[in-house]
Every structure is written in structure tokens, then in C-alpha cells.
Amino acid sequence: MHFCPLWRSALWDDTSTRLIPWTLSFEELAVKLLYRVALLNFLLLVLEFALCAYPAKAADSGSAWQAEWERTVAGAKKEGEVRLWGDAEITHPDIVAAFAKEYPSIKVVTVTGKVGDLMPRIIAERRAGKYLADLYSGGLGGRAFFDFYRAGILDPIRPALTLSEVVDESKWLDGKHHYADPENGYIFMYEGTPANTGLHYNAKLVNPKEFNSYRDLLSSKWKGKILVFERLGAGSPSLVRYYYNSQLGPQFLRRLSEMDLTISQDRRQATDWLGSGKFPLCIDCADTDRAKKQGVPVEEFDRSFLKEAAAEISTSGNSGLALINKAANPNAARVFINWFLSRRGQMIWQEVMNAKVLEPSNSMRVDIPKDNVPPEARREDGKRYRVTGILDPDPVAKLVNELLGRAK
């Protein structure tokens, strides 16, 4: 057993290996004992004070965030409403109803739409002095969030995190919060679904076993038979990923452009063309999971077929949450942010996306059940995933426009 020097001097005589030197007189022995008892009592008091002070400090910290939360909720009740803009991620009726049940005094106003429609609308209305959106959530793929961030219309979302179960980073993947923006504080990545390949095929016309690389798209047999779905205002998330993939890069896009690609900006049309067999291959076709459940012969290549498809959680196929600056209802926005990112909020979101919206989705929270997450959206236990944020789409758009002969 090892004692610190202070404790050792209280228990042992420095000149002897015995607890009490036997050569001392009775009076000297009594004095020495009294000294040791007094010193021990003093050290015990110091220890007791230290032990009591720590929980007191923790309690003060707990009461601080609780007081802040109570002030925020009180402010939200005065504001009376929160304005949510985005896709089903935050505007689905079941999510809105769950929030309203817990906070009935905060009216939820939703504006639902695809990112390509909402992003230009928000920016245009702000230029006219109308600040109608408090929060925005939607897919991180493409350029919408990048444009929001670059335009300077976002407030940092990190300071808005208040509830202890939201702030506690041990509850999230890799023991930390993930942000999509370069400053790590504006765009919260709450979805952590492993990145899919973004390459879809007609199951009656394509044998997936013929593929082991994206470069197999360059085979002459597929010339004129590849469709690319471009999201309005967002472009093609997969082309951005190909550009920044060290195993593919700009040269791959140049080769791909020689395959007589067909571009569609109509979401439904692209999926219909793939399902009907007009095009056997499609990059970034949407809603194929829903179409497959309806009996349409469409599939997405599994990551195991394409060697460049790493274990990655990227902006493609995942969603983020952002706080719009100059929000009309800042307190109500903070209440929704914390509720939505709480354990209960993420359980509801995950259930709605998988069971109602039919988009395979997996929360970044690791303390919620994953039974309702489809196999293709699950993270493998013990596997390390690379989480990547927003990639600058401008160099990609410039190259693609150049290759396809389109005006800038």
C-alpha cells in the first residue's frame, strides 16, 4: 500500500519503521498521539469537503441549464408559434403532432417542399424583408445547405443546444456531435445512415454481379443507356461525391460524360424511366425504395459491389437541421431543436421516416432502438465510419456544365 507524504507523516514516525516508537515517555507518547489524531481529523474534514463540493458543483451546473431551459420555454410560450420549413423530416404531421402534444402552447406552422423549391424562396423573401422561417431541415445532398451557409443566413445552432440529454455527446455516434458545415456549428447532422452508392438499376435488365466498380459504367454496352437525375437547385449529389473521391475524381466525370448521358430534372419521370426500362441505369434516381415496394423492378447497387464505395456517412442521403438567423420566434425554435434532437424526438423521427415516409433512415443517436431501421440503413456494430460534411459543389457544377456543353 502506498500513502501520499502527508498521510504517511501522520501514521509513521520518520525515524522508525514502527507506528509508535517504544522509547518515548508516556507524556511524549500522549502528545504524539494527540497530534496524529488532530491531523487525521483535519485531513478527513478536507476530504469530506472535497467530496461534498463536487456534487454541489454538479448540482449548480444542472440547475443552470434547467433555469436556462425554463426561460427558453417561457419565451417560446410568449412567442406562441414556431415556423418549420423543409421536407418530411420536420414537417410530417406525425412529428408535428408529437411536438404539439408536449408543447401545446406553441403553434406549429409548416411549409413543406423540396429543397430546390424552398431554398430560393427563403432567400428571395429575406431580400424583401420577410423573415418567415425559423428552422430548416432537409436532405444535405446537393448545394442547398451550402448556399444557405455561404449566404450567411444561418445562426450557429450549437449554442441553442440546452437539454442535458442533447448536449451529452456520449449519446451520439463516435461520442460527439456532427456538423456538416466547415465551422462545425451551423448545420447539425442528426441522421447517420451509411452512404448508399447513388447508382440504381432496372433489375430485369442489369445483373449487379457484372459490376465491381463505378468504372464499369464506362463499358461500351451502357453508352446512351445511363440516366442522371438532377435535383432542381441542388444538382447531382453523387457526381459531387465522385469528383471528390480519391479513387475516381474529375477524370472519371470526364470519361462518364462521354457515355451520352441523359439528364432529367423531373423526380417522378426519372424513376418511371428507370422502372419501365427506358434507361437500365440511373445515377441519383429518387424514391426507388418506395417504387420497389410497389412492385417496380428497381434496385440500388449495394456498397459491396462497388469497391470505391467506402464505409462513409456523408451528406448524400442524410438530413441536417439549421437555425435561420433573424428568426421571428427564436425561443420556440430552440425548444423545437432540443425536443427534436432529444431521445424521444429522434425515436419519433426515425419511426416516421422508416414506417410512414418510407425512406430508410438511421439517427445519429446511439441510445435509441434500431429495430425499425431497415438493414440497408443500419450501421455495422464495431465498424468505423468516416463522417464527411458539405463538399463545395461549385467546381463540380462548373466541370459538369462544361462537359455537357451547358451554359454556366
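The residues on offer are 215, 267, and the sole one that is at pLDDT below 95, crowded, with 16+ Cβ neighbours inside 10 Å and not acidic (Asp, Glu) is 267.
Filtering region 117-136 for residues that are in a strand (DSSP E or B), surrounded by fewer than 18 Cβ atoms within 10 Å (Cβ to Cβ) and modelled with pLDDT under 95 leaves an empty set. When residue 243 is tested against (1) touching a Pro at 6+ places or on another chain (Cβ under 9 Å); (2) at pLDDT 95 or above; (3) among the aromatic types (Phe, Trp, Tyr), exactly one condition is not met: (2). Candidates are the residues of region 171-212 that are more than 14 Å from the chain's Cα centre (by Cα) and small (Gly, Ala, Ser); the one that is modelled with the highest pLDDT is 203.
Scanning region 367-405 for residues that are more than 26 Å from residue 288 (Cβ to Cβ), among the acidic types (Asp, Glu) and either touching a Ser or Thr at 6+ places or on another chain (Cβ under 7 Å) or not in a helix (DSSP H, G or I) (or both) yields a count of 3. Quick one: is residue 408 at pLDDT below 90, surrounded by fewer than 22 Cβ atoms within 10 Å (Cβ to Cβ) and not in a helix (DSSP H, G or I)? Yes. Apart from one condition, residue 288 fits all of (1) at pLDDT below 90; (2) surrounded by fewer than 16 Cβ atoms within 10 Å (Cβ to Cβ); (3) of a type in the set (Ser, Thr, Tyr); the exception is (2).
The values are calculated or read from the model by the stated rules, or taken from the named source; none is laboratory data. Here the structure is a predicted model, which means the values were calculated and not measured. Methodologically, a virtual Cβ is constructed for each residue, glycine included, from the backbone with ideal geometry; neighbour enumeration extends over all protein chains shown.
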